[in-house]
Amino acid sequence: MNVANKTAASERPVFPFTAIVGQEEMKLALILNVIDPDIGGVMIMGDRGTGKSTTIRALVDLLPEIEVVTNDPFHSHPNEPELMSDEVRQKIANNEPISTHFTKIPIVDLPLGATEDRVCGTIDIEKALNEGIKAFEPGLLAKANRGILYVDEVNLLDDHLVDILLDAAASGWNTVEREGISIRHPAKFILIGSGNPEEGELRPQLLDRFGMHAEIRTVKDADLRVKIVEKRSSFDKNATQFRELYKQSQEQVKDQIIEARSRLYTVEMERDLRVKVSQICAELDVDGLRGDLVTNRAARALAAFEGRDQVVPRDIYRIIVLCLRHRLRKDPLESIDSGSRVEEKFFQVFGLAEKELV
């Protein structure tokens, strides 16, 4: 057995994404973020045991490959300066040859107990002083560049780590400074968080950084619950055999994502639709313009995923709650759910009935 086969054999099998029953809102949000990383990630909040972590980790099989600079710890892009490390940019400026290869988009887990050095990376001061070399040990933010950074129980994350994430998410760069030595590198990632709302609220600054917000509820239908349990039991009994059953559907969705990523920038959204999206945001009193931008991006990504070059009202209907529910100002006296408020405003502004969108 060669090294590649040994690695594959030793990896823990992942539950197939297409075998996950229900939770369509969460699955759609994840797929759209892979198609267009500029949507800004997704926050998944819900009850315990609803498959949040399982679904996010199942995404790994659907991730397409990206071109990266060989032997670069930051997965630098060979052409886009904003996604290059300073070293690669310097080589290109000096007309030095760089080699590249393709690798799958990385998913990096950020554990709750991670230290700042583990997240940001560390500078070897001794080597810097003695040898004059900026010796940098990359952290999780470096590994997540151009990939996905997943934080389980994100609402329990220490404040100092939240601050680091906010800085990186806002600028797309991570800067490490120690003893007068400074190193920076690109840190542009899709931020995915999951948590249980009963265990604590998320800081508003971080919540606003998530492009989309999916709410997951425990399945109440008895037949559906049985179906979920049966599938999980089959997977636990023989994971390889179970995964084989979904191999074709997995490949189909992966191909759809790859095609959608290449089609994305040809998808058009009429100005009238964009005006209506902004009208909804304004009438819901959404702060800033991030809600408008994310909704437009998500609608275009959905159209691309379904193989179309034009956004239609139904695309907006399917994603607008995901994009806006966490941006509404909370009124303690309000009895209506934030998602329902967004839906209600959509139908009002677009002048449509729900049956017209089915």
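Throughout, read-outs are computed from the coordinates displayed, never taken from laboratory work. No experiment lies behind these values; they were computed from the predicted model shown. For neighbour counting, all protein chains shown are included, and Cβ atoms are generated from backbone atoms with ideal geometry for every residue, glycine included.
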Quiz item: Could you give the dipole magnitude of the chain about its Cα centre, charging the beta-carbon of Lys and Arg +1 and that of Asp and Glu -1, in debye to the nearest 20?
Solution: 920 debye
Self-check item: Distance (nanometres) between label positions extended 7 Å along Cα→Cβ at VAL275 and ASP163
Solution: 4.6 nm
Quiz item: If we count other beta carbons within 10 Å of each Cβ, what is the order of MET212, MET26, fewest first?
Solution: MET26, MET212
Self-check item: Cα-Cα P(r), the chain, percent of pairs per 10 Å interval
Solution: 5, 21, 31, 26, 12, 4, 0, 0
Quiz item: Extension gain ASP287-VAL14, at 0.36 nm per residue separation less the Cα-Cα distance, in nm?
Solution: 94.4 nm
Quiz item: Going by how many other Cβ atoms sit within 10 Å of their own, how do VAL69, VAL253 line up, fewest first?
Solution: VAL253, VAL69
Exercise. On each of the three principal axes of the Cα atoms of region 264-356, give max minus min coordinate, whole Å, ordered largest first.
Key: 44, 30, 21
Practice problem: Could you work out how far apart the two model spin labels at LYS104 and THR54 are, taking each label as a point 7 Å from the Cα in the direction of the beta carbon, and quote it in nm? | Solution: 2.0 nm
Quiz item: Tell me, in nm to one decimal, what length is gained between SER233 and ASP86 on full extension, where the rule is 0.36 nm per residue of separation less the Cα-Cα distance?
Solution: 48.0 nm
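If you rank LYS188, LYS231, LYS220 by fewest surrounding Cβ atoms within 10 Å, what's the result?
Result, fewest neighbours first: LYS220, LYS231, LYS188.
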Quiz item: Which of LYS27/LYS143; LYS27/LYS220; LYS52/LYS220; LYS143/LYS330 have a Cα-Cα distance over 28 Å?
Solution: LYS143/LYS330
Quiz item: Kyte-Doolittle mean at least -1.0 and Cα extent at least 15 Å along the axis: which DSSP H helices of the chain qualify?
Solution: 24-35, 159-171, 222-237, 271-283, 290-305, 313-324, 338-350
